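Presented below is the structure to which this report refers.
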Amino acid sequence: MKKLIKRLIPSWLLSIYHWKLALLGALVYGWSSRKLKVIGVTGTKGKSTVVVLAGKILEESNKKVGWISSLTINDGKNKVMNPYHMTMPGRFFIQKTLAQIVKNGCQYALVEVTSEGIKQSRHRFINWTGAVFTNLAAEHLEAHGGFANYRKAKEKLFAATSKNLDSFGVYNLDDEDVEYFLKYPVKKKIGYGMSLRGAAAVSGGDAAIPRDYFAEFILSGANVLAMTGIKLSANGSEFAINGVQFKTNLLGEFNVYNCVAAAAIGQVCGISLERAAQALGKIQSIPGRLEIINEGQDFTVVVDLAHTPDSFAKVFQLFKSLPYNKIISVFGSAGGGRDKWKRPELGKIASQYSDQIFITNEDPYDEDPLKIADEILAGCDKNKADIILDRRQAIAKALSLAQAGDIILILGKGTEQTMVIGTNKIDWDDRIVVKDEIKKLSGR
(Lines give C-alpha, C1' and ligand atoms only; values in the text may rest on other atoms or scores of the structure.)
Protein backbone atom coordinates (compact mmCIF):
# COMPACT_ATOMS: atom_id res chain seq x y z
CA MET A 1 0.00 0.00 0.00
CA LYS A 2 2.82 2.42 0.91
CA LYS A 3 4.58 1.74 -2.39
CA LEU A 4 1.35 2.31 -4.30
CA ILE A 5 0.75 5.61 -2.51
CA LYS A 6 4.30 6.74 -3.27
CA ARG A 7 3.81 5.95 -6.95
CA LEU A 8 0.53 7.83 -7.14
CA ILE A 9 1.50 10.93 -5.16
CA PRO A 10 4.02 13.36 -6.73
CA SER A 11 7.34 13.65 -4.87
CA TRP A 12 6.86 17.38 -4.29
CA LEU A 13 3.54 16.69 -2.56
CA LEU A 14 5.14 14.01 -0.37
CA SER A 15 7.85 16.52 0.58
CA ILE A 16 5.22 19.01 1.70
CA TYR A 17 3.49 16.28 3.70
CA HIS A 18 6.74 15.34 5.49
CA TRP A 19 7.56 19.02 6.11
CA LYS A 20 4.15 19.68 7.68
CA LEU A 21 4.42 16.60 9.90
CA ALA A 22 7.81 17.81 11.14
CA LEU A 23 6.36 21.26 11.90
CA LEU A 24 3.38 19.73 13.70
CA GLY A 25 5.68 17.55 15.82
CA ALA A 26 7.69 20.59 16.92
CA LEU A 27 4.51 22.52 17.74
CA VAL A 28 2.94 19.67 19.74
CA TYR A 29 6.07 19.17 21.85
CA GLY A 30 6.83 22.85 22.44
CA TRP A 31 9.96 23.33 20.32
CA SER A 32 11.97 21.40 22.91
CA SER A 33 15.19 21.49 20.91
CA ARG A 34 15.48 25.22 21.63
CA LYS A 35 16.11 24.31 25.28
CA LEU A 36 18.97 21.94 24.41
CA LYS A 37 22.27 21.80 22.60
CA VAL A 38 21.34 19.26 19.93
CA ILE A 39 24.23 17.62 18.09
CA GLY A 40 23.56 15.64 14.91
CA VAL A 41 25.93 12.92 13.70
CA THR A 42 25.80 11.95 10.03
CA GLY A 43 27.87 9.92 7.58
CA THR A 44 27.74 6.41 6.18
CA LYS A 45 29.46 4.50 8.96
CA GLY A 46 30.17 5.10 12.63
CA LYS A 47 27.18 7.33 13.37
CA SER A 48 25.63 5.26 16.13
CA THR A 49 29.00 4.38 17.65
CA VAL A 50 30.02 8.05 17.76
CA VAL A 51 26.69 9.00 19.37
CA VAL A 52 27.10 6.40 22.12
CA LEU A 53 30.81 7.14 22.69
CA ALA A 54 30.19 10.89 22.87
CA GLY A 55 27.28 10.26 25.22
CA LYS A 56 29.55 8.24 27.52
CA ILE A 57 32.18 10.99 27.48
CA LEU A 58 29.56 13.59 28.45
CA GLU A 59 28.11 11.34 31.18
CA GLU A 60 31.57 10.64 32.58
CA SER A 61 32.07 14.41 32.85
CA ASN A 62 28.82 14.84 34.81
CA LYS A 63 26.97 16.50 31.96
CA LYS A 64 23.32 15.57 31.53
CA VAL A 65 22.74 14.09 28.09
CA GLY A 66 20.23 12.07 26.13
CA TRP A 67 20.49 10.51 22.70
CA ILE A 68 18.67 8.83 19.84
CA SER A 69 20.56 6.21 17.85
CA SER A 70 19.97 2.94 16.04
CA LEU A 71 21.57 1.20 19.04
CA THR A 72 19.96 2.75 22.07
CA ILE A 73 17.59 5.54 23.00
CA ASN A 74 18.38 7.48 26.16
CA ASP A 75 15.92 10.08 27.46
CA GLY A 76 18.31 11.25 30.17
CA LYS A 77 17.06 8.72 32.72
CA ASN A 78 16.23 5.51 30.89
CA LYS A 79 18.27 3.71 28.24
CA VAL A 80 16.52 1.15 26.04
CA MET A 81 17.43 -0.73 22.90
CA ASN A 82 16.02 0.96 19.82
CA PRO A 83 12.87 -1.12 19.14
CA TYR A 84 12.16 0.53 15.78
CA HIS A 85 13.35 -0.86 12.49
CA MET A 86 14.92 2.45 11.55
CA THR A 87 17.97 4.42 12.57
CA MET A 88 16.24 7.79 12.75
CA PRO A 89 12.66 7.27 14.03
CA GLY A 90 9.71 9.42 12.98
CA ARG A 91 9.30 13.15 13.52
CA PHE A 92 6.83 12.86 16.41
CA PHE A 93 9.01 10.31 18.19
CA ILE A 94 12.09 12.52 17.86
CA GLN A 95 10.27 15.61 19.15
CA LYS A 96 8.66 13.64 21.98
CA THR A 97 12.03 12.21 23.03
CA LEU A 98 13.69 15.64 22.91
CA ALA A 99 10.87 16.95 25.14
CA GLN A 100 11.51 14.13 27.61
CA ILE A 101 15.25 14.81 27.52
CA VAL A 102 14.49 18.43 28.46
CA LYS A 103 12.09 17.31 31.19
CA ASN A 104 14.80 15.08 32.65
CA GLY A 105 17.11 18.06 33.07
CA CYS A 106 19.56 17.43 30.24
CA GLN A 107 21.77 20.04 28.62
CA TYR A 108 22.67 18.03 25.53
CA ALA A 109 21.02 15.71 23.04
CA LEU A 110 22.85 13.58 20.46
CA VAL A 111 20.91 12.44 17.40
CA GLU A 112 21.97 9.99 14.69
CA VAL A 113 20.95 11.60 11.39
CA THR A 114 20.37 9.56 8.23
CA SER A 115 19.97 10.53 4.60
CA GLU A 116 16.54 8.89 4.47
CA GLY A 117 15.51 10.78 7.61
CA ILE A 118 16.60 14.04 6.02
CA LYS A 119 14.78 13.13 2.81
CA GLN A 120 11.61 12.82 4.90
CA SER A 121 12.24 16.10 6.80
CA ARG A 122 12.82 14.38 10.15
CA HIS A 123 15.67 16.84 10.75
CA ARG A 124 13.50 19.91 10.26
CA PHE A 125 12.36 22.21 13.08
CA ILE A 126 15.16 21.00 15.32
CA ASN A 127 17.52 23.67 16.62
CA TRP A 128 20.82 22.02 15.71
CA THR A 129 23.82 23.33 17.65
CA GLY A 130 26.38 20.94 16.17
CA ALA A 131 26.86 18.69 13.16
CA VAL A 132 29.37 15.85 12.85
CA PHE A 133 30.58 14.27 9.60
CA THR A 134 32.12 10.80 10.02
CA ASN A 135 32.72 9.56 6.44
CA LEU A 136 30.96 8.81 3.17
CA ALA A 137 30.65 5.64 1.09
CA ALA A 138 28.13 4.30 -1.41
CA GLU A 139 24.80 3.44 0.25
CA HIS A 140 21.09 3.98 -0.49
CA LEU A 141 21.99 4.97 -4.04
CA GLU A 142 18.72 3.74 -5.55
CA ALA A 143 16.61 5.54 -2.96
CA HIS A 144 18.37 8.86 -3.63
CA GLY A 145 19.02 8.50 -7.34
CA GLY A 146 22.81 8.33 -7.13
CA PHE A 147 25.76 9.11 -4.87
CA ALA A 148 25.67 12.90 -5.39
CA ASN A 149 22.06 13.10 -4.18
CA TYR A 150 22.87 10.81 -1.24
CA ARG A 151 25.70 13.15 -0.23
CA LYS A 152 23.57 16.27 -0.72
CA ALA A 153 20.93 14.84 1.62
CA LYS A 154 23.52 14.50 4.38
CA GLU A 155 24.85 17.99 3.69
CA LYS A 156 21.47 19.39 4.71
CA LEU A 157 22.30 18.72 8.38
CA PHE A 158 25.23 21.16 8.08
CA ALA A 159 23.09 23.65 6.18
CA ALA A 160 20.53 23.58 9.00
CA THR A 161 23.21 23.77 11.71
CA SER A 162 24.90 26.79 10.12
CA LYS A 163 21.79 28.88 10.84
CA ASN A 164 22.52 28.64 14.57
CA LEU A 165 24.55 31.61 15.86
CA ASP A 166 26.56 29.32 18.16
CA SER A 167 26.96 26.45 15.70
CA PHE A 168 29.90 24.07 15.41
CA GLY A 169 30.97 21.36 12.99
CA VAL A 170 33.18 18.30 13.48
CA TYR A 171 34.82 16.88 10.36
CA ASN A 172 36.76 13.78 9.35
CA LEU A 173 39.47 15.55 7.36
CA ASP A 174 40.80 12.28 5.93
CA ASP A 175 37.58 11.59 4.02
CA GLU A 176 37.72 12.73 0.40
CA ASP A 177 34.15 14.11 0.54
CA VAL A 178 34.77 16.38 3.52
CA GLU A 179 34.99 19.46 1.27
CA TYR A 180 31.25 19.30 0.61
CA PHE A 181 30.51 19.57 4.33
CA LEU A 182 33.13 22.21 5.10
CA LYS A 183 31.52 24.72 2.73
CA TYR A 184 28.67 25.50 5.15
CA PRO A 185 29.35 28.54 7.39
CA VAL A 186 29.13 27.02 10.85
CA LYS A 187 30.76 29.32 13.40
CA LYS A 188 33.33 26.92 14.85
CA LYS A 189 35.03 24.07 13.01
CA ILE A 190 37.05 21.24 14.52
CA GLY A 191 38.74 18.64 12.32
CA TYR A 192 40.32 15.28 13.00
CA GLY A 193 42.49 12.86 11.07
CA MET A 194 45.93 11.36 10.58
CA SER A 195 46.73 12.46 7.05
CA LEU A 196 50.31 11.79 6.02
CA ARG A 197 49.82 14.20 3.14
CA GLY A 198 48.93 16.82 5.70
CA ALA A 199 52.12 16.17 7.63
CA ALA A 200 54.14 16.50 4.41
CA ALA A 201 52.50 19.81 3.57
CA VAL A 202 53.11 21.27 7.02
CA SER A 203 56.78 20.31 6.87
CA GLY A 204 57.23 21.87 3.43
CA GLY A 205 56.88 18.67 1.41
CA ASP A 206 55.97 18.13 -2.22
CA ALA A 207 53.96 21.11 -3.47
CA ALA A 208 52.27 18.90 -6.07
CA ILE A 209 50.32 16.83 -3.55
CA PRO A 210 46.50 17.06 -3.80
CA ARG A 211 44.58 19.52 -1.70
CA ASP A 212 44.64 18.32 1.90
CA TYR A 213 42.18 19.76 4.39
CA PHE A 214 44.09 18.28 7.32
CA ALA A 215 47.09 20.40 6.34
CA GLU A 216 44.95 23.46 5.69
CA PHE A 217 43.36 23.25 9.14
CA ILE A 218 46.79 23.08 10.75
CA LEU A 219 48.22 25.90 8.67
CA SER A 220 45.23 28.15 9.33
CA GLY A 221 45.47 27.62 13.09
CA ALA A 222 42.06 25.94 13.23
CA ASN A 223 41.35 23.30 15.86
CA VAL A 224 42.65 19.89 14.75
CA LEU A 225 42.76 16.57 16.60
CA ALA A 226 45.68 14.64 15.13
CA MET A 227 45.75 10.88 15.56
CA THR A 228 49.24 9.40 15.97
CA GLY A 229 50.94 6.23 17.22
CA ILE A 230 48.05 3.93 16.36
CA LYS A 231 48.54 0.35 17.56
CA LEU A 232 45.84 -2.22 16.81
CA SER A 233 45.51 -5.64 18.41
CA ALA A 234 42.99 -8.38 19.08
CA ASN A 235 42.32 -6.74 22.46
CA GLY A 236 41.64 -3.19 21.32
CA SER A 237 43.61 -0.16 20.23
CA GLU A 238 46.09 2.40 21.50
CA PHE A 239 46.67 5.82 19.98
CA ALA A 240 47.35 9.42 20.84
CA ILE A 241 45.27 12.52 20.14
CA ASN A 242 47.39 15.67 20.18
CA GLY A 243 49.84 13.83 22.42
CA VAL A 244 47.26 12.53 24.91
CA GLN A 245 47.34 8.73 25.15
CA PHE A 246 44.17 6.68 24.63
CA LYS A 247 43.67 2.96 25.20
CA THR A 248 40.35 1.34 24.31
CA ASN A 249 38.81 -2.12 24.09
CA LEU A 250 37.33 -1.30 20.68
CA LEU A 251 38.74 -3.10 17.65
CA GLY A 252 39.88 -1.69 14.34
CA GLU A 253 41.18 1.54 12.85
CA PHE A 254 37.64 2.67 12.05
CA ASN A 255 36.87 2.65 15.77
CA VAL A 256 39.91 4.84 16.36
CA TYR A 257 38.26 7.35 14.03
CA ASN A 258 34.98 6.96 15.93
CA CYS A 259 36.74 7.59 19.24
CA VAL A 260 38.42 10.73 17.94
CA ALA A 261 35.12 12.06 16.57
CA ALA A 262 33.55 11.51 20.00
CA ALA A 263 36.50 13.20 21.71
CA ALA A 264 36.08 16.17 19.35
CA ILE A 265 32.43 16.50 20.40
CA GLY A 266 33.62 16.39 24.00
CA GLN A 267 36.12 19.17 23.35
CA VAL A 268 33.43 21.46 21.96
CA CYS A 269 31.39 20.72 25.09
CA GLY A 270 34.32 21.74 27.32
CA ILE A 271 35.68 18.27 28.11
CA SER A 272 39.44 17.73 28.06
CA LEU A 273 41.11 15.00 26.03
CA GLU A 274 42.39 13.49 29.28
CA ARG A 275 38.84 13.12 30.59
CA ALA A 276 37.69 11.72 27.24
CA ALA A 277 40.48 9.13 27.39
CA GLN A 278 39.30 8.03 30.84
CA ALA A 279 35.72 7.65 29.66
CA LEU A 280 36.57 5.73 26.48
CA GLY A 281 38.93 3.43 28.36
CA LYS A 282 36.05 2.19 30.52
CA ILE A 283 33.90 1.06 27.59
CA GLN A 284 34.10 -2.70 27.04
CA SER A 285 32.18 -2.85 23.76
CA ILE A 286 29.46 -1.20 21.70
CA PRO A 287 26.32 -3.38 21.42
CA GLY A 288 26.03 -4.95 17.99
CA ARG A 289 29.22 -3.33 16.71
CA LEU A 290 31.96 -5.95 16.56
CA GLU A 291 30.29 -7.40 19.64
CA ILE A 292 31.94 -10.65 20.72
CA ILE A 293 29.50 -13.23 22.07
CA ASN A 294 31.24 -15.38 24.67
CA GLU A 295 29.35 -18.33 26.10
CA GLY A 296 32.47 -20.29 26.98
CA GLN A 297 33.00 -21.72 23.48
CA ASP A 298 36.52 -22.23 22.08
CA PHE A 299 35.85 -20.20 18.94
CA THR A 300 35.01 -16.52 18.42
CA VAL A 301 31.56 -15.27 17.41
CA VAL A 302 31.16 -11.65 16.35
CA VAL A 303 27.88 -9.80 15.67
CA ASP A 304 28.12 -6.63 13.61
CA LEU A 305 25.82 -4.33 11.64
CA ALA A 306 28.09 -4.24 8.55
CA HIS A 307 25.88 -4.33 5.46
CA THR A 308 27.66 -2.29 2.78
CA PRO A 309 30.66 -3.31 0.65
CA ASP A 310 32.85 -0.73 2.37
CA SER A 311 31.93 -1.82 5.90
CA PHE A 312 32.14 -5.49 4.90
CA ALA A 313 35.69 -5.02 3.66
CA LYS A 314 36.75 -3.24 6.84
CA VAL A 315 35.32 -5.93 9.14
CA PHE A 316 36.79 -8.82 7.14
CA GLN A 317 40.18 -7.12 6.83
CA LEU A 318 40.25 -6.56 10.58
CA PHE A 319 39.67 -10.21 11.44
CA LYS A 320 41.88 -11.47 8.63
CA SER A 321 44.74 -9.64 10.34
CA LEU A 322 44.16 -11.49 13.63
CA PRO A 323 45.23 -15.05 14.54
CA TYR A 324 42.54 -17.53 13.46
CA ASN A 325 41.96 -20.99 12.06
CA LYS A 326 39.19 -20.26 9.55
CA ILE A 327 36.55 -17.57 9.01
CA ILE A 328 32.89 -18.51 8.62
CA SER A 329 30.48 -15.74 7.62
CA VAL A 330 26.68 -15.51 7.87
CA PHE A 331 24.87 -12.64 6.16
CA GLY A 332 22.18 -11.56 3.74
CA SER A 333 21.02 -8.28 2.22
CA ALA A 334 17.93 -6.17 2.84
CA GLY A 335 15.03 -6.37 0.40
CA GLY A 336 12.39 -3.79 -0.35
CA GLY A 337 14.28 -2.69 -3.47
CA ARG A 338 17.18 -1.37 -1.37
CA ASP A 339 20.65 -1.17 -2.89
CA LYS A 340 20.33 -4.23 -5.11
CA TRP A 341 23.64 -3.30 -6.73
CA LYS A 342 25.57 -4.24 -3.59
CA ARG A 343 24.40 -7.85 -3.31
CA PRO A 344 26.99 -9.50 -5.59
CA GLU A 345 29.62 -7.15 -4.14
CA LEU A 346 28.92 -8.46 -0.64
CA GLY A 347 29.30 -12.00 -1.96
CA LYS A 348 32.56 -11.15 -3.67
CA ILE A 349 34.09 -9.56 -0.55
CA ALA A 350 32.93 -12.39 1.71
CA SER A 351 34.44 -14.95 -0.70
CA GLN A 352 37.75 -13.14 -0.65
CA TYR A 353 38.07 -13.44 3.12
CA SER A 354 35.85 -16.35 4.23
CA ASP A 355 36.49 -20.08 4.25
CA GLN A 356 32.77 -20.83 4.45
CA ILE A 357 29.76 -18.61 3.68
CA PHE A 358 26.11 -19.01 4.64
CA ILE A 359 23.78 -16.68 2.77
CA THR A 360 20.57 -16.06 4.67
CA ASN A 361 17.69 -13.66 5.25
CA GLU A 362 18.41 -10.19 6.56
CA ASP A 363 15.16 -8.26 6.02
CA PRO A 364 13.70 -9.38 2.69
CA TYR A 365 10.51 -7.32 3.13
CA ASP A 366 8.28 -8.02 0.10
CA GLU A 367 11.07 -9.31 -2.16
CA ASP A 368 11.58 -13.00 -2.89
CA PRO A 369 14.21 -14.08 -0.30
CA LEU A 370 15.66 -16.69 -2.64
CA LYS A 371 16.12 -14.11 -5.39
CA ILE A 372 18.06 -11.87 -2.99
CA ALA A 373 20.22 -14.82 -1.93
CA ASP A 374 20.86 -15.80 -5.56
CA GLU A 375 22.00 -12.23 -6.34
CA ILE A 376 24.49 -12.43 -3.45
CA LEU A 377 25.57 -15.89 -4.59
CA ALA A 378 26.32 -14.51 -8.07
CA GLY A 379 29.32 -12.71 -6.57
CA CYS A 380 30.50 -15.63 -4.45
CA ASP A 381 32.94 -18.43 -4.94
CA LYS A 382 30.29 -21.16 -5.30
CA ASN A 383 32.57 -23.73 -3.64
CA LYS A 384 32.45 -21.74 -0.40
CA ALA A 385 28.82 -20.64 -0.27
CA ASP A 386 25.53 -22.22 0.78
CA ILE A 387 22.07 -20.68 1.00
CA ILE A 388 20.08 -21.27 4.20
CA LEU A 389 17.26 -18.72 4.19
CA ASP A 390 16.16 -19.34 7.78
CA ARG A 391 18.57 -17.08 9.68
CA ARG A 392 18.44 -19.14 12.89
CA GLN A 393 19.24 -22.30 10.96
CA ALA A 394 22.09 -20.57 9.15
CA ILE A 395 23.59 -19.37 12.44
CA ALA A 396 23.13 -22.82 13.98
CA LYS A 397 24.87 -24.48 11.00
CA ALA A 398 27.82 -22.08 11.20
CA LEU A 399 28.19 -22.70 14.92
CA SER A 400 28.00 -26.48 14.45
CA LEU A 401 30.91 -26.38 11.99
CA ALA A 402 33.13 -24.14 14.12
CA GLN A 403 36.29 -25.55 15.64
CA ALA A 404 38.77 -24.15 18.13
CA GLY A 405 40.33 -20.93 16.86
CA ASP A 406 37.67 -20.24 14.23
CA ILE A 407 35.98 -16.87 13.79
CA ILE A 408 32.28 -16.65 12.93
CA LEU A 409 31.09 -13.28 11.60
CA ILE A 410 27.33 -12.70 11.73
CA LEU A 411 26.72 -9.54 9.77
CA GLY A 412 23.96 -7.19 8.72
CA LYS A 413 21.67 -6.70 11.71
CA GLY A 414 23.72 -5.86 14.80
CA THR A 415 21.31 -4.96 17.61
CA GLU A 416 18.19 -4.73 15.45
CA GLN A 417 15.27 -6.07 17.45
CA THR A 418 13.07 -7.26 14.58
CA MET A 419 13.27 -8.90 11.17
CA VAL A 420 10.78 -8.16 8.40
CA ILE A 421 9.78 -11.04 6.13
CA GLY A 422 6.98 -10.17 3.74
CA THR A 423 4.43 -8.26 5.79
CA ASN A 424 5.44 -9.97 9.03
CA LYS A 425 7.70 -8.28 11.58
CA ILE A 426 9.14 -10.88 13.93
CA ASP A 427 11.11 -10.38 17.14
CA TRP A 428 14.78 -10.92 16.43
CA ASP A 429 18.17 -10.25 17.96
CA ASP A 430 21.25 -11.94 16.45
CA ARG A 431 23.00 -11.88 19.82
CA ILE A 432 20.20 -13.72 21.61
CA VAL A 433 19.91 -16.29 18.83
CA VAL A 434 23.67 -16.95 18.94
CA LYS A 435 23.58 -17.48 22.69
CA ASP A 436 20.60 -19.84 22.40
CA GLU A 437 22.23 -21.91 19.69
CA ILE A 438 25.59 -22.15 21.51
CA LYS A 439 23.74 -23.43 24.59
CA LYS A 440 22.01 -26.07 22.46
CA LEU A 441 25.37 -27.20 21.09
CA SER A 442 26.86 -27.50 24.56
CA GLY A 443 23.81 -29.33 25.88
CA ARG A 444 22.90 -26.62 28.39
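The values are calculated or read from the model by the stated rules, or taken from the named source; none is laboratory data. Nothing here was measured: the structure is a model prediction, and the numbers come from that model. Don't worry about glycine lacking a Cβ; one is built from the backbone with ideal geometry, like all the others, and counts go over all protein chains shown. With ligands, DNA and RNA removed, areas are computed over all heavy atoms of the protein, side chains included. Shrake-Rupley method; radii C 1.70, N 1.55, O 1.52, S 1.80 Å.
A 1.4 Å probe run over the chain, with the rest of the protein chains in place, finds 43 Å² accessible per residue. Using the Cβ-Cβ distance between N242 and T423 with R0 = 56 Å, the FRET efficiency computed as 1/(1 + (r/R0)^6) comes to roughly 0.60. Counting only protein heavy atoms and using a 1.4 Å probe, the accessible area of S233 comes to about 50 Å².
Sorted on the mean count of surrounding Cβ atoms within 10 Å across their residues, most packed first, peptides 171-177, 369-375 read 171-177, 369-375. Once the Cβ-Cβ distance of W19 and Q278 is raised to the sixth power relative to R0 = 41 Å, the FRET efficiency obtained is 0.45. Of all DSSP beta bridges confined to the chain, the antiparallel ones make up roughly 35%. The C-alpha atoms of the stretch 293-343 occupy a region whose extents along the principal axes are 39, 23, 14 Å, arranged from largest to smallest. Amide H contacts of G332: T360, each under 5 Å away and 5 or more positions distant or on a separate chain (H built 1.01 Å from N in the peptide plane; Pro and chain starts excluded). Computed in the context of the full set of protein chains, the accessible area of the stretch 229-368 at 1.4 Å probe radius has 46% of its extent on carbon or sulfur. Of the candidates K382, K156, K45, which one comes out as most mobile in a Gaussian network treatment of the chain with C-alpha springs shorter than 10 Å? In the Gaussian network model the winner is K382.
Using the Cβ-Cβ distance between N249 and E176 with R0 = 30 Å, the FRET efficiency computed as 1/(1 + (r/R0)^6) comes to roughly 0.50.
Listed peptides 241-247, 397-403 appear in the order 397-403, 241-247 once ranked by packing, highest mean of other Cβ atoms within 10 Å at the front. The apolar share of the surface of the stretch 36-127, taken as the fraction of accessible area on carbon and sulfur atoms (1.4 Å probe, ligands and nucleic acids excluded), comes to 47 percent. Considering only W67, W128, W341, the Gaussian network model of the chain with Cα springs below 10 Å gives its largest mean-square fluctuation to W341.
Calculated on the Cα set of the chain, radius of gyration then Dmax: 21.8, 66 Å. Per-residue ellipticity at 222 nm computed for the chain from its helices equals -12000 deg cm²/dmol, with DSSP H segments shorter than 4 residues left out and the rest contributing -39,500 (n - 2.57).
If you take the alpha carbon atoms of the stretch 35-136 and fit the smallest convex hull around them, that volume is 88 Å³ per residue.
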